[in-house]
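Any read-out appearing in this document is the output of simple, stated calculations on the displayed coordinates, not a laboratory observation. It should be emphasised that the depicted structure is a prediction, and the values quoted were computed from it without experimental measurement. Glycine also receives a Cβ, built like all others from the backbone with ideal geometry; neighbour counts cover every protein chain displayed.
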Amino acid sequence: MIYETILVSLTALVIVATSGFAQDSHKSGPFQGAKANTGYVTHTTEAGNSVLTLSDDFKAPDTPDPHWQIVDSSGNTYLLQKLSIKGGKMNRKITVPKYVPDIAKVQIWCAFADAETNLGEAAFDQPVK
């Protein structure tokens, strides 16, 4: 009898913990654009910080200087970290600065001086923070 009570309690705890985690996770629509058009981005909250993570199927565009860029619900843009880093690796996960009020879209932005352009973007159904 006591084992059944413990088992039921643990099961309830797991369900509550899992549903709480799901509420803190938001998946964008797919990336759409000329160069960045695969995958999506997920928003989570870790230790009180907004974190964005690219999906495993996202492919970095073959451009000179791709960066993360966020668009908030007012249309303000925030150019953030480089997407490509040394050794052919990629910044697949970033922490959003506290000064960004919310996140409506995530863009992959070419920050090369002569070719600044939006390579592709993924939008959330509702702005997240």
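Things to note:
- Mean separation of Cα contacts under 8 Å (6+ apart) over length of segment 26-128, as relative contact order %: 32
- Neighbour-limited loop hits for GluC sites (Glu not before Pro), segment 25-129 (at most 12 other Cβ within 10 Å; DSSP other than H, G, I, E, B): 116
- Local charge for residue 31 was computed over the other residues whose Cβ lies under 14 Å away, with Lys and Arg +1 and Asp and Glu -1, and equals +2.
- Total formal charge among the other residues, if their Cβ is under 13 angstrom from that of residue 59, Lys/Arg +1 and Asp/Glu -1: -1
- With a simple spin-label model that places each label point 7 Å from the Cα along the Cα-to-Cβ direction, the separation between residue 74 and residue 44 comes to 3.0 nm.
- Taking the Cα centre of segment 17-124 as reference, the dipole from Cβ charges on Lys and Arg (+1) and Asp and Glu (-1) amounts to some 260 debye.
- For the listed peptides 27-33, 104-110, 123-129, a ranking on the average number of other beta carbons within 10 Å per residue, highest first, reads 104-110, 27-33, 123-129.
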